[in-house]
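**Q** Questions regarding the structure given below will be posed in turn.
The values are calculated or read from the model by the stated rules, or taken from the named source; none is laboratory data. This is a predicted model, so every value here is computed, not measured. Here the Cβ is made from the backbone with ideal geometry for all residues, glycine too, and neighbour counts use every protein chain on show. Calculation scope for accessible area: heavy atoms of the full protein, side chains included, ligands and nucleic acids excluded. Shrake-Rupley method; radii C 1.70, N 1.55, O 1.52, S 1.80 Å.
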Amino acid sequence: MSTDTLTAAPTSGSGRDADAAPRPGALADTDIACAHCTLPVPATLVREGHERQFCCAGCETAYTLLHTHGLDQFYAFPERRESRVQRTGRSYEEFDHPAFTALHVKPASDGLSRVELYLEGIHCASCVWLVERVPLLVPGVLRAELDVRRSRAIVEWDAAATPLSTVARTLDTLGYPPHPFRGVARDAVRRAEDRRMLVRIGVAGAIAGNVMLFALALYSGEIAWMDPAHTRFFRWLSMALTLPTLAWPGRVFFTGALAALRTRTLHMDLPIAIALAAGFVRGAINTVTDTGPIYFDGLAILTFALLVGRFLQQRGQRLATDSAELLYALTPATARVADADGTLRDIPAEAVLPGMLLDVRAGETFAADGVLASPSTTVNAALLTGESRPAEMHEGDVVYAGTLNVAAPVRVRVTEAGETSRVARLLQQVETSSDRRAPVVLAANRLAGVFVAVVLTLAVITWGVKTAMGSASALDDVIALLVVTCPCALALATPLAVTVAVGRAARGGVLVKGGDALEQLAKPGVLVLDKTGTLTEGQHALVTWVGDASVQPLVHALEAGSSHPLADGFRRAWRDAAWMKRGLAEVQEAAHVTGGGLGGVVDGRTVLVGSPAFVRAQAAHGEATVEADIAALDDTLTPVLVAVDGVVVAAAGFGDRIRADAPEALAALRARGWRTVMASGDMPLVAQAVGRTLGFAPSDVHGAMSPEGKLALVESLQRGGAKVVMVGDGVNDAAAIAAANVGVGVHGGAEACLATANVFLACPGLTPLRELVEGAERTVTVIRRNFAFSLGYNAIGASLAIAGVLTPLIAAVLMPISSLTVVIASWRGRTFEAGER
């Protein structure tokens with residue numbers, strides 16, 4: 001008898017839930033290659049006397065289809081995917097449903113229909129060639145185009161001649177199961193928006209480069225000599241090129257200035273537009289009269305630099321918070337409906353209505369909220385509730401859309417579907433919280449109003465005073481003032497510093513969606529952390545083994561084919577065990593019992609592994625010492641008993657391991673002034689145990705919290721005046737993350753959680769969270785330094801312009817230099833260590 005204990009955080013619950021059936025044993029392979037995929041053909045599938053052999057029925061069907069249609073050229077590709085064709089066997093009749101058509105099918109030219117599909121199994125050029133030959137395989141299909149990088153196929157077909165389900169079945173037969181491509185409309189809008197902005201930037205950059213070349217010629221002519229006719233030619237040519245720059249790429253600034261005037265607000269676009277307009281008008285007058293300087297080179301460069309800064313800021317702050325897209329990410333695209341006569345049919349999830357009876361198999365996700373109409377199953381609701389282990393559900397219990405059916409096939413009577421389901425309501429709360437949350441006002445925006453007012457006031461005063469004094473340079477001095485104080489450096493100070501910081505953070509595994517999050521994180525507040533998957537690893541680990549260690553190989557062999565989370569915990573714990581070198585024991589029989597565990601015959605011995613109730617009902621008590629050790633197991637662990645030949649001989653305790661870097665990272669954050677609070681969906685006993693281990697104050701540990709409870713906790717802390725940062729990984733955290741001042745999604749989290757978060761930690765553990773806070777502090781320091789330089793430069797430049805020391809030409813030269821200085825300062829600033837992880 002032995003007792004092995006590993007450090008881990010406990011999980012709640014007792015008893016083992018239902019398990020998936022073990023995988024069948026592997027068939028012995030031969031040296032014969034499959035004619036389709038080139039993998040070895042199992043000995044049992046070799047057919048004597050046949051020229052071509054196949055490793056599975058799917059490969060044979062795919063080969064027959066290609067050969068029949070004369071597409072044998074596919075097999076000439078030097079690189080083909082080397083995997084068996086795994087046909088799903090689906091009818092894809094839901095692709096013909098009106099609801100599917102309304103959502104995903106768009107009209108194309110000549111009366112055709114167009115759909116975008118996501119294809120599984122896309123690998124290489126041969127896949128592109130094969131998918132794009134679908135029009136030769138299916139009558140009525142006129143075009144199939146594949147984007148291999150995104151596994152997205154665009155299909156155009158005649159819906160009157162061929163249903164879409166036929167196209168889908170053909171793709172499935174070839175080994176590419178299709179799914180509706182989500183986010184088509186959103187992606188199209190964003191691509192069009194980015195394309196327009198990049199075209200503007202490209203045009204402005206090309207013109208700016210050419211105008212600078214003309215300016216170089218003019219400056220050289222002033223130093224040496226240039227024929228007056230050539231000088232006039234270059235001046236007129238510069239004006240001719242600068243005019244379209246302001247009329248099209250630079251129009252965004254004039255549009256913003258006009259909007260500011262209409263709303264009677266002072267916006268940074270206003271002085272930019274005034275400077276651009278005044279500089280161009282003065283330059284045009286000097287060009288026509290052939291007197292004085294022109295400012296076209298400075299105007300062209302300024303337009304280009306401001307457009308680049310605006311594009312980077314827009315890209316960095318873009319958030320994917322569309323509630324419909326989030327819902328698609330969490331719930332299945334289709335549902336299987338059981339009709340009154342017992343017929344099963346697939347329909348789009350959008351067509352599910354209350355009262356329908358859904359058929360949900362083990363391993364599938366529930367498509368709607370409903371009442372369980374079958375005896376029992378096990379449901380993994382960690383994504384929605386935060387509970388770290390699956391829960392046993394019985395007939396009459398409520399199950400929710402987005403949760404996973406782990407154990408057995410069941411029927412569910414739908415009560416809520418679509419936008420009225422619980423997960424949809426949570427996502428609506430996410431959207432409401434995101435809209436309700438006031439945007440963080442960055443330092444640049446705080447200074448913008450004052451800055452614009454001061455510059456315009458100084459310009460008016462300078463014009464009035466110098467005109468009254470009869471100064472001939474009044475207009476030039478005002479233009480010099482507007483040009484030299486043009487808020488290019490001030491406008492770029494924040495977005496450039498943030499862009500550099502965000503880029504470096506991304507290379508270190510910290511993805512930041514906007515500078516507002518960095519500003520909030522730079523000062524300490526309240527850090528609310530989810531437990532499961534954030535503070536802990538979010539998976540079951542073998543914490544304790546008591547009893548006879550010699551039966552471990554028997555347990556491992558029985559669990560080897562199971563997909564249950566506890567089975568995976570056994571496999572991970574014994575991966576490097578000494579007895580693993582002898583290979584797996586032979587399993588003669590194996591069967592799972594819903595809500596109980598596994599039973600079978602291994603090496604001729606009867607083995608039971610499962611919940612205490614399941615094993616006790618079929619096996620006698622073990623030795624007194626074994627029973628004493630079992631009784632002494634921590635109540636917060638999940639117990640699994642092992643019986644061999646009808647006698648209990650051992651027990652295992654499972655828990656959720658605390659992340660190795662959590663204690664050090666939390667200590668560092670607390671040292672920086674952060675208050676740490678735990679909000680867990682696990683039972684209070686479990687949450688308190690983890691809290692004690694990680695140094696949380698008992699009053700700051702909250703267990704058994706629903707998603708609504710976490711949202712209420714965040715809002716309560718905010719009402720008390722605290723700045724709240726919420727860190728989590730599940731849909732149960734999404735509403736709280738959206739409501740918090742800053743939301744942080746951790747590695748492995750649900751898409752709904754990550755889409756609403758301001759920051760995503762792409763690397764596991766809490767060390768990236770500590771690095772995020774430290775990097776945010778350094779980034780804000782760089783931003784403040786940029787502001788100090790920009791304001792200092794503008795103060796000195798304005799003083800010299802008002803005094804008449806600066807000419808418009810010198811002001812135009814100094815203006816881009818100030819911006820370049822901000823760029824260099826942002827690039828050289830030490831924010832996040834690039835590639836440090």
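**Q** Label region 698-740 by shape, choosing from rounded, prolate and oblate, from the square roots a ≥ b ≥ c of the eigenvalues of the Cα gyration tensor; if a/c is under 1.5 it is rounded, and otherwise prolate applies when a/b is larger than b/c, oblate when it is not.
**A** It is oblate, given that a/c is not under 1.5 and a/b is not larger than b/c.
**Q** Now for a different question. Once Rh is set to the Kirkwood radius over Cα pairs, what Stokes-Einstein translational diffusion coefficient, in µm²/s, holds for region 633-690 at a temperature of 4 °C and a viscosity of 1.567 mPa s?
**A** Estimated via Stokes-Einstein, D reaches 90 µm²/s.
**Q** Over region 576-620, what relative contact order in percent results from Cα pairs under 8 Å that are six or more residues apart?
**A** Once normalised by length, the contact order is 26 percent.
**Q** For region 531-674, with every protein chain kept in place, what is the accessible area per residue (1.4 Å probe, Å²)?
**A** Each residue of region 531-674 exposes 39 Å² on average to a 1.4 Å probe.
**Q** Another question, if that's okay. Starting from the Cα gyration tensor of region 191-284, take the square roots of the eigenvalues, sort them a ≥ b ≥ c, and report rounded, prolate or oblate (rounded when a/c is under 1.5, otherwise prolate if a/b is larger than b/c, else oblate).
**A** Because a/c hits 1.5 or more and a/b fails to exceed b/c, region 191-284 counts as oblate.
**Q** What number comes out for the charge environment of Arg785, summing +1 per Lys or Arg and -1 per Asp or Glu over other residues with Cβ under 15 Å away?
**A** Charge balance near Arg785 sits at +2.
**Q** Figure the gain on full extension for Thr44 and Trp827 (residue separation times 0.36 nm, minus the Cα-Cα span) and round it to one decimal in nm.
**A** Once the chain is fully extended between Thr44 and Trp827, it gains 275.5 nm.
**Q** Right, here's the next one. Averaged per residue, what accessible surface does region 224-304 expose to a 1.4 Å probe, in Å²?
**A** With the other protein chains kept in place, region 224-304 gives 48 Å² per residue.
**Q** Label region 102-159 by shape, choosing from rounded, prolate and oblate, from the square roots a ≥ b ≥ c of the eigenvalues of the Cα gyration tensor; if a/c is under 1.5 it is rounded, and otherwise prolate applies when a/b is larger than b/c, oblate when it is not.
**A** Because a/c hits 1.5 or more and a/b fails to exceed b/c, region 102-159 counts as oblate.
**Q** What's the carbon and sulfur percent of region 664-731's accessible surface, probe 1.4 angstrom, rounded to a whole number?
**A** The computed percentage sits at 55.
**Q** Taking the Cβ of Asp110 as the centre, find all other residues whose Cβ is under 10 Å away and add up their charges (Lys, Arg: +1; Asp, Glu: -1).
**A** Within the 10 Å Cβ shell, the charges total -2.
**Q** With a cut-off of 8 Å between alpha carbons and a minimum separation of six or more residues, what is the relative contact order of region 222-304 in percent?
**A** Contact order relative to length: 33 percent.
**Q** Rounded to the nearest whole Å², what accessible area per residue is found for region 682-737 with the 1.4 Å probe?
**A** 35
**Q** When ranked by the protection proxy of mean other Cβ atoms within 10 Å per residue, highest first, what sequence do the peptides 220-233, 541-554, 94-107 form?
**A** 541-554, 94-107, 220-233
**Q** Pop a pseudo-label 7 angstrom from the Cα along the beta-carbon direction at both Leu136 and Phe233 and give the gap in nm to one decimal.
**A** Calculated label separation equals 5.9 nm.
**Q** Once you treat every alpha carbon in region 508-553 as an equal point and sum by Debye, what is log10 I(q)/I(0) at q = 0.19, 0.23, 0.25, 0.32 Å⁻¹?
**A** Each listed q corresponds, in turn, to -0.87, -1.02, -1.05, -1.13.
**Q** Calculate what fraction, in whole %, of the accessible area of region 527-605 sits on carbon and sulfur atoms when a 1.4 Å probe is rolled over the protein chains.
**A** 47
**Q** According to the Kirkwood expression over distinct Cα-Cα pairs, how big is the hydrodynamic radius of region 504-618, in Å?
**A** After inverting the mean inverse Cα-Cα distance, the result is 17.7 Å.
**Q** While we're on this one: Determine the relative contact order of region 634-716: mean sequence separation of Cα pairs under 8 Å and six or more apart, normalised by residue count, in whole percent.
**A** Value for region 634-716: 22 percent.
**Q** Say each of Arg571 and Thr291 gets a label point 7 Å from the Cα, pointing the same way as Cα to Cβ; how far apart are those two points in nm?
**A** So the two model labels end up 8.7 nm from each other.
**Q** Next question, about the same structure. Based on the Cβ-Cβ distance from Ala712 to Ile154, what FRET efficiency comes out when R0 is 45 Å, to the nearest 0.05?
**A** 0.50
**Q** Still on this model: Within 10 Å, count the other beta carbons around each residue, average over each peptide in 401-412, 696-707, and list them highest first.
**A** With the highest mean Cβ count within 10 Å placed first, the list reads 401-412, 696-707.
**Q** Stick to the Cα atoms of region 555-711, pair each with every other, and give me the Kirkwood hydrodynamic radius in Å at one decimal.
**A** Kirkwood radius, region 555-711: 18.3 Å.
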